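Report on one structure; see the data block that follows.
The values are calculated or read from the model by the stated rules, or taken from the named source; none is laboratory data. Given the structure is predicted, the values throughout are model-derived calculations rather than measurements. Quick reminder, even Gly has a Cβ in these numbers, built from the backbone with ideal geometry, and neighbours come from all protein chains shown. Heads up: the accessible areas ignore ligands, DNA and RNA and are worked out on the full protein's heavy atoms, side chains in. Shrake-Rupley method; radii C 1.70, N 1.55, O 1.52, S 1.80 Å.
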Amino acid sequence: MANTVAPVLELSGIHKEFPGVKALSEAGLRLYPGEVHTLMGQNGAGKSTLIKVLTGVHAPDRGSIVMEGGEIRPGSTQEAQDLGISTVYQEVNLCPNLSVAENIFIGRYPRKWGLVDWGAMRTRAAALLRDLEIDIDVTAPLSRYPLAIQQMVAISRALNISARVLVLDEPTSSLDEAEVQLLFRVLRRLREQGMAILFVTHFLDQTYAISDRITVMRNGEREGEYAAADLSRLALVNKMIGKPADAEDGGPAAAAERQEARSDAGDAAPVVLATRGLGRKGVLQPVDMQVRAGEVLGLAGLLGAGRTELARLLFGADRADKGDIVIGDKAFGAFANPRQAIAAGIGFCSEDRKLEGAVLSLSVRENLVLALQARQGMLRAIPMQRQRELAEEYVKALGIRTASIETPIGTLSGGNQQKVLLARWLATGPRLMILDEPTRGIDVRAKQEIMDYVTTLCKRGMSLLFISSELPEVLRCSDRMIVMRDRAACGEYRRGDLDETTVLHAIAGETA
Amino acid sequence: AKPLVMGFSQVGAESEWRSANTASIKDAAKQAGITLKFADAQQKQENQVKAIRSFIAQRVDVIAFSPVVETGWETVLREAKAAKIPVILTDRAVNVADKSLYVTLIGSDFVEEGRRAGRWLADYAAKSNKPVLNVVELQGTVGSAPALDRKAGFEEAIKGNPKLKMLRTQTGEFTRAKGKEVMEAFLKAHGKDINVLYAHNDDMAIGAIQAIEEAGLKPGKDIIIVSIDGVKGAFQAMVAGKLNVSVECSPLLGPQLMKAAQDVVAGKPVPPRIVTEERVFPAEVAAKELPNRKY
Amino acid sequence: MTHSTTSAAPAAIAAAPTAAAPRLGARLAAHPLARPLGALIVLLLINLFAVPGFFHLEVKGGHLYGAMVDILNRAAPLMLAATGMTVVIAMRGIDISVGAVVALAAAVACTMAAADQPLWFAFAAALGAALLCGVWNGLLVASLGLQPIVATLVLMVAGRGLAQLVTDGQIITVYRDDFFVLGSGYLLGLPVALYVALAVVATVAVAMRKTALGLFTQAVGINPVAARLAGIRAGALVFASYAFCAVCAGLAGLIISSNIKSADANNAGLLLELDAILAVTLGGTSLAGGKFNLAGSVIGALIIQTLTYTVYSLGVPPEVNLVVKSLVVFAVCLSQRSKA
Amino acid sequence: MTRAPYFTSLVTVGLLLVLLVAGGAAYPGFLSLQVMLNLLIDNAFLLVIAIGMSFVILSGGIDLSVGSVLALSTMVAAWLLHAAHWPPAAVMAAVLVMGAVFGAGMGALIHFFRLQPFIVTLGGMFLARGLCYLISVNSIPIEDPAFVAISQAQISIFDGFVSPGVLVALALLAVAMAVAHLTPFGRAVYAVGGNEQSAQMMGLPVGATKVAVYAISGGCASLAGLLFAFYMLSGYGQHAQGTELDAIAAVVIGGTLLTGGYGYVAGALTGVLVLGAIQTLIVFDGTLSSWWTKIVIGVLLFAFCALQRLLAWKQKN
Ligand SMILES: Nc1ncnc2c1ncn2[C@@H]1O[C@H](COP(=O)(O)OP(=O)(O)OP(=O)(O)O)[C@@H](O)[C@H]1O
Ligand SMILES: Nc1ncnc2c1ncn2[C@@H]1O[C@H](COP(=O)(O)OP(=O)(O)OP(=O)(O)O)[C@@H](O)[C@H]1O
Ligand SMILES: [Mg+2]
Ligand SMILES: [Mg+2]
């Protein structure tokens, strides 16, 4: 479309090597004013690294970055900002101790007599967030809000600059449908104003909903650049994974079919875990629910509906002050800590990978065996040989892209970190697995593979409590679904009744 | 009458000598019927200043203190004077232009102690048949008043003496552990060349004696040991023949202090300098003296 | 996905250098112990040239005698303190009460030994007192949630007071031969204290490797929240680290008091906590917690002791001691920097 | 951890008042105006150091060199006056610049060479103290008339008085609070303390901020050195031993988290007053032996921190 005008930004021949890993080779990108350009590729393809090179976080080993005709070489995020490149990185990079308003404005405060004008900052921050339909207390510290809100704050921080280039690395991974639409509305407006927007996502729907053009990356290289309109979904997926265009073994539709085909757990299966009035004052209204062996129980709801809270209470991460958990025929007065839950055969993959999941400077292997080892107790160390086997096994099964199992997990790409954490819990062979946004940041194909893998385990008797902001995904996978609203469970649906409109109504609180 | 109230600011409890000093003052106060406000400064001058200010605020009858260091007392002593509270120094002098800021100084003279140690050694050297005696010195804490003065006094006394040669000097921080550690290093570096050890206090000497013994030498014979303070441990070492001489520095100035305090408050004249009686104890008299030692 | 992993592998190894010999050298240089060891060797070399007889060893009184032996003997308490400190620091903590605990343990041991209690009883009581200190610190940090530096500051101040209370402000001298074995005795020609320190270090090293303790310690140090969610008893481990550190300090206190045959409540272990922390950092462990290097801490302790000894042997005037020490600290730090 | 530094700070102020009132009840004359003013006079230098330390701790660092830099400042001031006969104003300026440069140097090592603050400032602590002894192992008296005049000046407040040092310290506190709260630099300090990597990614000048923070701390330490020189009229290498710990304790007691990012500069005042009040209580008691003094300080410190913590907990639940 915009090919008549000159690109605002052009990266070519970018090489970047980390110790032991070649992250980028011959990578490149052209970005035109007034377009939304989506960067696609599998986990570890080098998208985030390319963005970090562009914005001065990493220095490229080789290659050129040309902005509006002149070569640039930003040495820091600050320099990139000064050049008019504004970025939201993949992992939320904000200061948890500062207020929401400050996180948006730090570095370019509204001033009065040279001093920070707190009043103006507050009103402007509130206004910016209202654009994204978020109404929160902007003077509260950021850490008080869930990841999704933090993500929105990071986005509004980037939007706030009068930049010419806006870079968003997986901004939608923790947002739900409605919020994504809001974001897109803002992006379209900015596009109209002539801003060049670089966007990364793993959601094909989103890609096609917003992009003008798509650059596909594979193994650190630019695979190609396409107009979104000319590239079919299938072709796109195949280009990402590097298969000829006709090879086809998957796609959401196929997954759904396979899903259909699997044996229905049914009401006959024994109850693995049940809650009786489990709740906590000010956090969650008492919830009664049952999980049966081998079933996938979905939890749906809007952000803040209380799904994460329910999961945390179940797992003993937070302490419930009401109700019981019944496992088999034993009733526990709620778990006091995660250890008790783990001992009872529960696994919990948290939604906040950076804060609650990854132990960054430990290796993939160490991260992977952590929960299993903790359950076995400190004294019964898993032999190194076994640890390696386990790690290799899961690296293979989940397609974790890492230089070796001894690589620190912190140097893996976001999606691959997520897979390691998933493996951590799978390795404990839990009876009930709680997955809170497990597919966040994972590429299409891997997502499918992971869900397949997990459902296979379910067939063998593992139960799954599945929380995801993507309603279609929950619908597709669940045997049963509990809808939550306003920190209470407000409805339960069986597989037969599961259709999107009913559930949407329930979520919105318009149940007939 | 109301009992006399004395505010006393002690340096700390850094050594056995100091503990004996504190005990003497507390006992003497009890016997004299004086109410003692005791404040421990934990070796910090600023804490002493704080304590003195607080004594002034409490309107005690007399203030006494053992200054951590000579300098820096002018301001707070002026405040005491303005509040008409007499001040008595123990242990060492302060460096103030206006001598009327304190009434009297009770205590020992560190420089003199160093001199006495040096003089004893010079006498010994004169009798010795060795042409030259190599001396190593264990100093107190770097920069502390007793260390500086005992070093200065000793050097003054042996200056120009051709038979005494200073081989090494290093700080042992007034402690047994450091005294031993440094002496070990000296012995490894110089071995049998060392003839004399001069330690700024008995504790370091006691530590060094252990090092010398562990090196297979005989303290008191192979290496002559001179130290200062005259604590009980030193006497025991002298009786055992491991220490040659200890120059007394008496901590027992409680009775003198209380007497002076009562005189000052009663308006009687007090001499500006009250010297405590101190002696030099060579090993020969140690056995006789040991039973008399209180600390 | 699976093939992309395999195809990525060659790319990953592509960085491998060609010749084998430089590769070995490079790998040695990259070893975490390389730099602390290097610093130690440089110090020893300085001594080799500047201090005659530094490396001279002879047998005297049935044991080895020489500067090197002194350094090892002297470094033993510091190694112990540094070992305990390493564990605490690895779990994001810090313990500044080490010196006070040394004084307290020494005071208890000497008071009891001087009162003719059986030696084992005196030592057990001293270690018990140290353990109590550690339990106290652990409770303040792990249960009450105080910040480690203030929590241990309480004991740093009060502990020395307690020690002086035990000794009544006196230096307690012990005249029993069995009491000296720990601090000045020799076994097979080498100081007993060294065996004690190395035994503790070895025990910790083995526990860290052969059990999952090492993994858990690092996990708690790097990300306590994640560690708890993975089912690790983070609180209990933190608590235990302070208890262990205090027992190490107690042992150090026994060695120190046994070595000088007396307990000096006011001066025993003075500022030992700073030296211990210094040893840990010189050994390459970050004070931010997580990854730790036990052997490095031991080398750090040796560096500090060798430095002290060098200053004494070279005849550096005492007023220059501190400047020399600071310059060495800066030099060692800067030499370690390129690792980052 | 504490999500409510504001509340913690309030709790601390409340507990301080309780401590003072308890002291007043136990010891007659404790609550008199002059005793309270003495609290400020005697701790003015500590307050100044704690203010500088607050910035360092808020940025997630630590500065162990402050006590030694203080001593070095007194030494340099005394030496310049005594031996080099500089005019007093020049001496003061020189000392302040020296402290700031010393701090900035450490900051640069910490940031550019990625060294740990603890160890760099520990090195700085040895170095500054060592430099004192290179100048002289003796204490050097200050006899300069200007210094003496300042030292003995008394500014009366009702029927009590304070020293000029108190005014300097309080003015500095006001400025520091404004800087921390109202300037981009101050906010950057909080951001760096909250998450250094994020601050970098948000485009803040992390390096400059870190270097500046240590320069401020060094500058405050040398200003404290000047106040100390007025207070003591001498330069001495053994001055203010262990002051770094007092300052850190004051800042932490004042409600600032050592991990950085949470707390208020004003907490330094509360913290310093708490430590001062504990000491004053002990002097007023006047019956404690040296060792009981230590034990009681420890116990009071513990009681204070434990209460602070429990109250903050209570409020959260
Ligand atoms: N700091 C680092 N050190 C070492 N390797 C790194 C580092 N950062 C990235 N890598 C490696 O570079 C490769 C590309 O990672 P990158 O984060 O760019 O992938 P991505 O395309 O963003 O993936 P995802 O979709 O999972 O976010 C990965 O193999 C990763 O392990
Ligand atoms: N759009 C919004 N506006 C204001 N506050 C919100 C919004 N979305 C979420 N919140 C806040 O988020 C908090 C809980 O969010 P949280 O994400 O933990 O709940 P959740 O049900 O687990 O959501 P999810 O699992 O979808 O992330 C609530 O306190 C709520 O105030
Ligand atoms: Mg990425
Ligand atoms: Mg959630």
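Figures for the structure shown
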item	result
Projected label distance in nm at A:ALA59 and C:HIS63, using a 7 Å step from Cα toward the beta-carbon	5.5 nm
The protein assembly as shown: mean projected area of Cα convex hull, nm²	58.6 nm²
Global form of region C:153-197, assessed from the alpha-carbon gyration tensor, a/c cut-off 1.5	oblate
Local electrostatic count at C:GLN218 - Lys and Arg +1, Asp and Glu -1, tallied over other residues with Cβ under 10 Å	0
Region C:215-340 - Rg and Dmax from Cα coordinates, angstrom	17.7, 56
With Cα atoms, 0 to 90° folded angle of helix A:147-160 axis to chain A main axis	10 degrees
For region A:469-476, 3J(HN,Hα) per residue [Karplus equation, 6.51 cos²θ - 1.76 cosθ + 1.60, θ = phi - 60°, Hz, x = Gly/Pro]	7, 8, 4, x, 5, 4, 4, 5
Alpha carbon convex hull of region C:133-211, volume per residue in cubic angstrom	148 Å³
Partner chain coverage, peptide C:307-313 - average Cβ within 10 angstrom	5
Average other protein chain Cβ within 10 Å of Cβ, residues D:109-116	4
Base-10 log of normalised Debye intensity for chain D (one unit scatterer per alpha-carbon) at q = 0.11, 0.15 Å⁻¹	-0.69, -1.24
For region C:62-337: relative contact order, % (alpha-carbon pairs under 8 angstrom, 6 or more apart)	36 percent
Normalised alpha carbon radius of gyration of region B:1-66 [divisor 2.2 N^0.38 Å]	1.09
Label-reachable residues, region B:12-40, where backbone N falls under 17 Å from a point 7 Å from B:LYS259's Cα toward its Cβ	B:24-34
Nearest-ten-degree value, helix A:414-426 long axis tilted from longest Cα axis of chain A	10 degrees
A:SER12-D:ALA93 pseudo-label distance in nm [points 7 Å out on the Cα-to-Cβ vector]	5.7 nm
Helix-only mean residue ellipticity at 222 nm for chain A, each DSSP H run of n ≥ 4 adding -39500 (n - 2.57), per residue, nearest 500	-10500 deg cm²/dmol
5 Å binning of all Cα-Cα separations within region A:149-249, expressed as whole percents from 0 upward	2, 11, 22, 22, 18, 13, 8, 3, 1
Dipole of the protein assembly as shown, positive direction: furthest Cα of D:ALA208, C:ILE277, A:GLY34, with charges on the beta-carbon	C:ILE277
Under 15 Å, Cβ to Cβ, from B:GLU112 - net charge with Lys/Arg +1 and Asp/Glu -1	-2
Interface burial for C against A (accessible surface, 1.4 Å probe, total of both chains, Å², rounded to 100)	3000 Å²
Fully extended contour minus Cα-Cα distance, from D:ILE155 to D:ALA174, at 0.36 nm per residue	4.9 nm
1.4 Å probe, heavy atoms, protein only - residues of region B:43-67 losing at least 30 Å² accessible area vs chain alone	B:LYS44, B:GLN45, B:GLU46, B:LYS50, B:ARG53, B:SER54, B:ALA57, B:GLN58
Equivalent-ellipsoid semi-axes of region B:1-146, from the Cα gyration tensor, Å, largest first	36, 17, 14
Given charges at Cβ of Lys, Arg, Asp, Glu: the protein assembly as shown dipole, positive-most of C:LEU144, D:PRO164, C:ALA76	C:ALA76
Surface/4 of the Cα convex hull for chain B, nm²	15.5 nm²
For the protein assembly as shown: accessible area per residue (Å², 1.4 Å)	36 Å²
Positive minus negative residues near C:TRP120 (Lys, Arg vs Asp, Glu; Cβ under 14 Å)	-1
Label-reachable residues, region B:235-272, where backbone N falls under 19 Å from a point 7 Å from B:ALA287's Cα toward its Cβ	B:235-246
Region D:17-104 - Rg and Dmax from Cα coordinates, angstrom	17.9, 52
Ratio of the Cα radius of gyration of region A:368-512 to 2.2 N^0.38 Å, where N counts its residues	1.21
Globularity index of region D:165-317, i.e. its alpha-carbon radius of gyration over 2.2 N^0.38 Å	1.21
About the Cα centre, charge dipole magnitude for the protein assembly as shown (Lys/Arg +1, Asp/Glu -1 at Cβ), debye	1600 debye
Taking only Cα atoms of region C:104-251, radius of gyration then Dmax in Å	17.9, 55
P(r) histogram, all alpha-carbon pairs of region A:7-95 included - 5 Å bins from 0, percent	3, 13, 25, 28, 20, 9, 2, 0
Hydrodynamic radius (Kirkwood) for region C:24-89, which is based on Cα pairs only, to one decimal in Å	14.4 Å
Principal axis dimensions, chain A - Cα atoms, whole angstrom, descending	71, 54, 49
Percent accessible area from carbon and sulfur atoms, chain C, protein chains only, probe 1.4 Å	72 percent
Charged-residue dipole, Cβ positions (Lys, Arg, Asp, Glu), region A:435-507 about Cα centre, Debye nearest 20	220 debye
Chain A, relative contact order [Cα under 8 Å, separation at least 6], %	16 percent
Per-residue [θ]222 nm for chain B (sum of -39500 (n - 2.57) over DSSP H runs n ≥ 4, rounded to 500)	-13500 deg cm²/dmol
For the pair D and B, total buried accessible area rounded to nearest 100 Å², probe 1.4 Å	3000 Å²
Debye log10 I(q)/I(0) for region A:9-241, one point scatterer per Cα, at q = 0.14, 0.15 Å⁻¹	-0.90, -1.02
Lys, Arg +1 and Asp, Glu -1 on Cβ, resulting dipole of region C:62-337 about Cα centre, debye, nearest 20	900 debye
Most to least accessible of A:LYS330, B:LYS159, B:LYS242 (protein chains only, probe 1.4 Å)	B:LYS159, A:LYS330, B:LYS242
Peptides ranked, highest mean first, by Cβ atoms within 10 Å: ranges A:393-403, C:74-84	C:74-84, A:393-403
Of all accessible heavy-atom area on chain A, the percent that carbon and sulfur account for (1.4 Å)	49 percent
Over chain D: helical MRE at 222 nm, DSSP H runs n ≥ 4 each giving -39500 (n - 2.57), nearest 500	-25500 deg cm²/dmol
Shielding score for D:179-186, defined as the mean number of other chain Cβ atoms within 10 Å	4
Buried accessible area, chains B and C (both chains, 1.4 Å probe, Å² to nearest 100)	2700 Å²
Inter-probe distance in nm under a simple model that places probes 7 Å from Cα toward Cβ, at B:LYS30 and B:VAL132	5.5 nm
DSSP-defined antiparallel bridges as percent of all bridges, chain B, nearest 5	5 percent
Value of D in µm² per second that Stokes-Einstein yields for region C:62-337, Kirkwood Rh from Cα pairs, at 10 °C (1.306 mPa s)	84 µm²/s
Computed over region D:89-184: relative contact order in percent, which uses C-alpha pairs under 8 Å that are six or more apart	10 percent
